[in-house]
Amino acid sequence: MYNRYGDISKFIIDMEQLSIADDGYVYISKEEDYGIAVEMESCYGPLDEVKPFIAFLAKHICELDNLVQRFHQKKRVKNGGRGYVRLPSPIGFLRFDYSQSMENDPTPQEKEFPFELEIIYIEEPNSIAFDYWCTVKNTQLFVTFEYKENQFFLRKYGAFDCIPDNWEESK
């Protein structure tokens, strides 16, 4: 499933072609291709201000999706799935500490990643959230990235928060 969004020709990377659709989203791929959209209501700025970043993001969708899939393949919850360590969270939010709850899967196998990217949220200039929709049951997966020093870092995967820059090298 890696590189499933690798055909850059299916993405709108020309800033002049980006526009807000009737539903309030900016589509960065056609519906018949992937139908991925940026939600503008909560975006940190108006479309003209964020167009360059949206076009830049469209060019890196495959790379970011591959990063999410690698995390899904390589990590597991400690103690046989019972090692969740909660973080203090506001009411209505459930967060687990990555460093205390996750470990490398000692036998990583190719696991199906039953999610498709649907909506992107850009609430801050350096924070991007992907909303994945599951293809086999009615559930969603939210993944957050931080953009700094000209690269993206995975910060949150579902309820697992505080993912470090070097998670791929960590145990």
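The values are calculated or read from the model by the stated rules, or taken from the named source; none is laboratory data. Since the model is a prediction, treat every value here as computed from it, not as a measurement. Here Cβ is always computed from backbone atoms with ideal geometry, including for glycine, and neighbour counts include all displayed protein chains. Quick note on the areas: whole protein, heavy atoms, side chains included, nothing else; ligands and nucleic acids left out. Shrake-Rupley method; radii C 1.70, N 1.55, O 1.52, S 1.80 Å.
So which residues in the range 13-22 are open to solvent by 80 Å² or more (accessible area, probe 1.4 Å) and acidic (Asp, Glu)?
Glu16, Asp22
Consider only pairs whose beta carbons are under 6 Å apart and that are at least six residues apart or on different chains; among these, list those whose first residue lies in the range 1-29 and is within 25 Å of Phe71 (Cα to Cα) and in a strand (DSSP E or B) and whose second residue is open to solvent by less than 80 Å² (accessible area, probe 1.4 Å) and aromatic (Phe, Trp, Tyr).
Close Cβ pairs (under 6 Å, with a partner that is open to solvent by less than 80 Å² (accessible area, probe 1.4 Å) and aromatic (Phe, Trp, Tyr)) amount to Ser29/Phe11.
When the residues of the range 127-163 are filtered to those that are outside any strand (DSSP E or B) and either open to solvent by less than 20 Å² (accessible area, probe 1.4 Å) or hydroxyl-bearing (Ser, Thr, Tyr) (or both), which remaining residue is nearest to Val68 (Cα to Cα)?
Per the stated criteria, the residue is Ile163.
Among the residues that make up the range 33-52, is at least one of them within 25 Å of Thr135 (Cβ to Cβ), surrounded by fewer than 19 Cβ atoms within 10 Å (Cβ to Cβ) and within 16 Å of the chain's Cα centre (by Cα)?
Yes.
Applying the selection to the range 99-117, what residues are assigned to a strand (DSSP E or B) and open to solvent by less than 20 Å² (accessible area, probe 1.4 Å)?
The answer is Met102, Leu117.
Taking the options Leu141, Leu94, Leu87, name whichever one is aliphatic (A, V, I, L, M), closer than 18 Å to Cys62 by Cα and in contact (Cβ under 8 Å) with a residue 12 or more places away in the chain.
Leu141 is the lone residue from the list that is aliphatic (A, V, I, L, M), closer than 18 Å to Cys62 by Cα and in contact (Cβ under 8 Å) with a residue 12 or more places away in the chain.
How about the range 73-98: which of its residues are closer than 30 Å to Tyr2 by Cβ and outside any loop (DSSP other than H, G, I, E, B)?
If the condition is that a residue be closer than 30 Å to Tyr2 by Cβ and outside any loop (DSSP other than H, G, I, E, B), then Gln73, Lys74, Lys75, Arg76, Val77, Lys78, Asn79, Gly80, Gly81, Phe96, Asp97, Tyr98 are the ones that fit.
Would you mention how many residues in the range 124-171 are among the β-branched types (Val, Ile, Thr) and under 17 Å from Lys75 (Cα atoms)?
3
Are any residues in the range 25-34 more than 19 Å from Glu63 (Cβ to Cβ) and at pLDDT below 95, and if so, which ones?
Lys30, Glu31, Glu32
Report, by residue number, each residue of the range 1-56 that is within 16 Å of Tyr121 (Cβ to Cβ), among the hydroxyl-bearing types (Ser, Thr, Tyr) and touching a helix residue (DSSP H, G or I) at 6+ places or on another chain (Cβ under 8 Å).
Tyr44
Give the range 93-140 a look and list any residue that's within 22 Å of Gly81 (Cβ to Cβ) and of a type in the set (A, V, I, L, M), or say none.
Result: Leu94, Met102, Val136.
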